[in-house]
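*Asks:* Mind having a look at this structure? Questions to follow.
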Amino acid sequence: MRKKLIIAGIISLVIISLLYIAWQSYDLSSDYNYATAKFDIKNGEVKIIHTGAPVISSKDKEIEQVAARYGFKNIYIEKFTPQQTEEGIKNYNELIRNYLIIRNGAGWEKNYQREIDSLYKAAGIEVKYPGR
């Protein structure tokens, strides 16, 4: 009887440890994480999360139409809460981008960005991108 109790305790400890590791690895405590990305893909509610303020222009509606054609919606978070951690957002976007590569093909981001840049140019807005 005592041996069974010890074995059950060890098994419980292993299961709890594995759940904790998964929770930490995928940052499941945040609003945006690996699990919510899977859920959003399954439900057809694909989003790319951007941190920082959006570029406001007269072409916002057209920009969202281009994003919709590529199968996602842009979401901007200027200040994120502890429930929207940077790591969770990174994990969310990584899985979403992998899904969008399968959906749109390799190089889709460059094509999307070209279309967005041409809309900004038509509106007379010069956008500076970090690293470009």
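The values are calculated or read from the model by the stated rules, or taken from the named source; none is laboratory data. It should be emphasised that the depicted structure is a prediction, and the values quoted were computed from it without experimental measurement. With ideal geometry, Cβ positions are generated from the backbone for all residues, glycine too; neighbour counts draw on all protein chains shown.
*Asks:* Check whether at least one residue in region 34-49 is of a type in the set (A, V, I, L, M), out of contact with any helix residue (DSSP H, G or I) (no Cβ under 6 Å at 6 or more places or on another chain), modelled with pLDDT under 80 and assigned to a helix (DSSP H, G or I), and report yes or no.
*Replies:* No, region 34-49 contains no residue that is of a type in the set (A, V, I, L, M), out of contact with any helix residue (DSSP H, G or I) (no Cβ under 6 Å at 6 or more places or on another chain), modelled with pLDDT under 80 and assigned to a helix (DSSP H, G or I).
*Asks:* Now for a separate question. Checking P130 against (1) modelled with pLDDT of 95 or more; (2) on the phi < 0 side of the Ramachandran plot; (3) not hydrophobic (A, V, I, L, M, F, W, C), which test does it fail?
*Replies:* Of the numbered conditions (1) modelled with pLDDT of 95 or more; (2) on the phi < 0 side of the Ramachandran plot; (3) not hydrophobic (A, V, I, L, M, F, W, C), the odd one out for P130 is (1).
*Asks:* Something else about it: Within the set of pairs 6+ apart or on separate chains, which have a first residue in region 96-120 that is within 19 Å of P54 (Cα to Cα), a second that is of a type in the set (D, E), and C-beta atoms under 7 Å apart?
*Replies:* Final answer for the pair search is L119/E62.
*Asks:* Looking only at region 74-108, filter to residues that are among the hydrophobic types (A, V, I, L, M, F, W, C) and in a strand (DSSP E or B); which one of those is farthest from N43 (Cα to Cα)? Quick ask: steps written out before the conclusion?
*Replies:* Step one: filter region 74-108 for residues among the hydrophobic types (A, V, I, L, M, F, W, C), giving 75, 77, 80, 89, 95-96, 100-102, 106, 108.
Okay, now just the ones that are also in a strand (DSSP E or B), so 75, 77.
Details: I75: 17, I77: 22 Å.
The residue in question is I77.
*Asks:* Ok, one more. From (1) modelled with pLDDT under 95; (2) surrounded by 12 or more Cβ atoms within 10 Å (Cβ to Cβ), pick out the condition that doesn't hold for Q83.
*Replies:* Of everything listed in (1) modelled with pLDDT under 95; (2) surrounded by 12 or more Cβ atoms within 10 Å (Cβ to Cβ), Q83 misses just condition (2).
*Asks:* Further, regarding this structure: Scanning for something of a type in the set (S, T, N, Q), touching a residue at least 24 places away in the same chain (Cβ under 8 Å), surrounded by 16 or more Cβ atoms within 10 Å (Cβ to Cβ) and in a helix (DSSP H, G or I), does region 56-73 turn up at least one residue?
*Replies:* We begin by selecting, within region 56-73, every residue of a type in the set (S, T, N, Q); these are 57-58, 65.
Still in the list and also touching a residue at least 24 places away in the same chain (Cβ under 8 Å): 57-58.
Adding the requirement that they be surrounded by 16 or more Cβ atoms within 10 Å (Cβ to Cβ) leaves 57.
Those left that are additionally in a helix (DSSP H, G or I): none.
No: zero hits.
*Asks:* Within the bounds of region 18-30, is there any residue that is loosely packed, with under 15 Cβ neighbours inside 10 Å and modelled with pLDDT of 80 or more?
*Replies:* Filtering region 18-30 for residues loosely packed, with under 15 Cβ neighbours inside 10 Å gives 18-25, 29.
Narrowing the set further to residues that are modelled with pLDDT of 80 or more leaves none.
No, because not a single residue in region 18-30 is loosely packed, with under 15 Cβ neighbours inside 10 Å and modelled with pLDDT of 80 or more.
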